[in-house]
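The values are calculated or read from the model by the stated rules, or taken from the named source; none is laboratory data. Predicted model only: the values in this text are computed from it and were never measured. Cβ placement follows ideal geometry from the backbone for every residue including glycine, while neighbour counts extend to all protein chains displayed. To get the accessible areas, we keep the full protein, side chains included, count just its heavy atoms, and leave off ligands, DNA and RNA. Shrake-Rupley method; radii C 1.70, N 1.55, O 1.52, S 1.80 Å.
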Amino acid sequence: MGSVLCEHCTAVCCRYIALPIDKPRTRRDFDDLRWYLMHENVSIFVEDGDWYVQFFTRCKNLQADNRCGIYATRPEICREYKAGDCDYCGGDYGYEHWFTDSEQLETYARQRFAQRAARQARASDKPACPCHPRRRVGRPIHTRRGAPSKPVQLGLPR
């Protein structure tokens, strides 16, 4: 380019906010995320196993020339942003998942719960432990050779 990178910048980083969210685990969690996606200018992505909600919204301080109107007093999060992390020159993010509408998330959730059900079905096919009939996964729990462990009494009210 032969000049300062910022002269070519379209201020992509100043046009969204991405916040970490808890990884969805239940159908209700997915339903809540589906609700997010029913709103305009919202997406959800997964990067390195972490989930984020992204709001496409322009910074109030972004000027017509794509420069910051409060550059000298900009927030620390803006100051920490380095050219190597720049959305303009950074290219593809390589998200594990990127959801832009509720139907995409519904499809993902259905597949995920179907896979979980299949794993649980396979686990229930394993023989039960003779000492712990309700335990079906892995080896029996024993404290010493062949002796079953004693149940723990928590002393909780019944």
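Worth pointing out:
- Applied to the stretch 24-41, the Karplus parametrisation 6.51 cos²θ - 1.76 cosθ + 1.60 on θ = phi - 60° returns per-residue 3J(HN,Hα) values of x, 10, 10, 4, 5, 4, 5, 5, 5, 5, 4, 4, 3, 6, 7, 9, 5, 6 Hz, with x for Gly and Pro.
- The stretch 1-68, accessible surface, carbon-and-sulfur percent (1.4 angstrom probe): 51 percent
- Accessible area in the full protein assembly, largest first, 1.4 Å probe, for 28, 15, 58, 112: 28, 58, 15, 112
- Subtracting the Cα-Cα distance of residue 48 and residue 25 from 0.36 nm times their residue separation leaves 6.6 nm of extension gain.
- Loop sites in the stretch 1-75: GluC sites (Glu not before Pro), DSSP, at most 11 other Cβ within 10 Å: 40
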